[in-house]
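These notes are about the structure you will find just below.
The values are calculated or read from the model by the stated rules, or taken from the named source; none is laboratory data. Just so we're clear, the structure is a prediction, and the values are computed from it rather than from any experiment. Cβ placement follows ideal geometry from the backbone for every residue including glycine, while neighbour counts extend to all protein chains displayed. Surface accessibility is based on the protein's heavy atoms, side chains included, excluding ligands, DNA and RNA. Shrake-Rupley method; radii C 1.70, N 1.55, O 1.52, S 1.80 Å.
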Amino acid sequence: MEEIAVLILRSAIAILLLLYTGFCWVKQGVHVRGKGWKTREEAPKTFWFSIVLYILLGAYMLVGNFLLQGR
(Lines give C-alpha, C1' and ligand atoms only; values in the text may rest on other atoms or scores of the structure.)
Protein backbone atom coordinates (compact mmCIF):
# COMPACT_ATOMS: atom_id res chain seq x y z
CA MET A 1 0.00 0.00 0.00
CA GLU A 2 2.86 2.37 0.77
CA GLU A 3 4.36 1.80 -2.69
CA ILE A 4 1.11 2.85 -4.33
CA ALA A 5 0.98 6.05 -2.27
CA VAL A 6 4.56 6.92 -3.28
CA LEU A 7 3.75 6.20 -6.94
CA ILE A 8 0.69 8.44 -6.80
CA LEU A 9 2.62 11.23 -5.08
CA ARG A 10 5.48 11.11 -7.59
CA SER A 11 3.03 11.07 -10.50
CA ALA A 12 1.11 14.01 -9.04
CA ILE A 13 4.30 16.05 -8.69
CA ALA A 14 5.27 15.26 -12.28
CA ILE A 15 1.83 16.23 -13.57
CA LEU A 16 1.89 19.48 -11.59
CA LEU A 17 5.30 20.29 -13.04
CA LEU A 18 4.00 19.71 -16.57
CA LEU A 19 0.92 21.82 -15.81
CA TYR A 20 3.16 24.65 -14.61
CA THR A 21 5.12 24.31 -17.84
CA GLY A 22 1.88 24.71 -19.76
CA PHE A 23 0.98 27.76 -17.68
CA CYS A 24 4.36 29.34 -18.42
CA TRP A 25 3.92 28.59 -22.12
CA VAL A 26 0.42 30.09 -22.28
CA LYS A 27 1.45 33.21 -20.35
CA GLN A 28 4.76 33.40 -22.27
CA GLY A 29 6.79 34.03 -19.14
CA VAL A 30 8.67 32.41 -16.30
CA HIS A 31 9.39 33.20 -12.67
CA VAL A 32 13.03 34.17 -12.13
CA ARG A 33 14.34 33.92 -8.59
CA GLY A 34 15.06 37.35 -7.16
CA LYS A 35 13.62 39.16 -10.18
CA GLY A 36 10.00 37.99 -10.28
CA TRP A 37 7.96 37.22 -13.36
CA LYS A 38 9.78 37.84 -16.62
CA THR A 39 8.25 37.56 -20.06
CA ARG A 40 9.71 35.61 -22.93
CA GLU A 41 10.95 38.85 -24.52
CA GLU A 42 12.62 40.08 -21.32
CA ALA A 43 14.49 36.83 -20.60
CA PRO A 44 14.45 34.56 -23.66
CA LYS A 45 17.30 32.26 -22.61
CA THR A 46 15.85 31.76 -19.14
CA PHE A 47 12.40 31.12 -20.62
CA TRP A 48 13.57 28.43 -23.02
CA PHE A 49 15.92 26.83 -20.48
CA SER A 50 13.08 26.62 -17.96
CA ILE A 51 10.55 25.24 -20.42
CA VAL A 52 12.91 22.52 -21.67
CA LEU A 53 14.03 21.65 -18.14
CA TYR A 54 10.47 21.40 -16.81
CA ILE A 55 9.37 19.19 -19.71
CA LEU A 56 12.36 16.88 -19.37
CA LEU A 57 12.00 16.58 -15.59
CA GLY A 58 8.25 16.00 -15.73
CA ALA A 59 8.52 13.40 -18.48
CA TYR A 60 11.43 11.66 -16.74
CA MET A 61 9.50 11.50 -13.49
CA LEU A 62 6.39 10.05 -15.15
CA VAL A 63 8.25 7.52 -17.27
CA GLY A 64 10.56 6.59 -14.41
CA ASN A 65 7.64 5.90 -12.10
CA PHE A 66 6.19 3.31 -14.41
CA LEU A 67 9.45 1.76 -15.59
CA LEU A 68 10.82 1.35 -12.08
CA GLN A 69 7.48 0.33 -10.56
CA GLY A 70 8.32 -3.38 -10.47
CA ARG A 71 11.57 -2.95 -8.53
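The residue that is nearest to the chain's Cα centre (by Cα), among those in the stretch 31-45 that are under 19 Å from LEU57 (Cα atoms) and surrounded by 11 or more Cβ atoms within 10 Å (Cβ to Cβ), is HIS31. Looking across the stretch 1-37, the residues that are of a type outside the set (Gly, Ala, Ser), out of contact with any His (no Cβ under 8 Å at 6 or more places or on another chain) and in a strand (DSSP E or B) come down to VAL30, HIS31, VAL32. Mind listing just one residue for me: the one in the stretch 7-30 that is open to solvent by 60 Å² or more (accessible area, probe 1.4 Å), over 10 Å from the mean Cα position of the chain (by Cα) and among the β-branched types (Val, Ile, Thr) and, of those, farthest from LEU67 (Cα to Cα)? If we take residues in the stretch 7-30 being open to solvent by 60 Å² or more (accessible area, probe 1.4 Å), over 10 Å from the mean Cα position of the chain (by Cα) and among the β-branched types (Val, Ile, Thr), then VAL26 is farthest from LEU67 (Cα to Cα). When residues in the stretch 38-71 are screened for being assigned to a helix (DSSP H, G or I) and basic (Lys, Arg), 1 of them pass.
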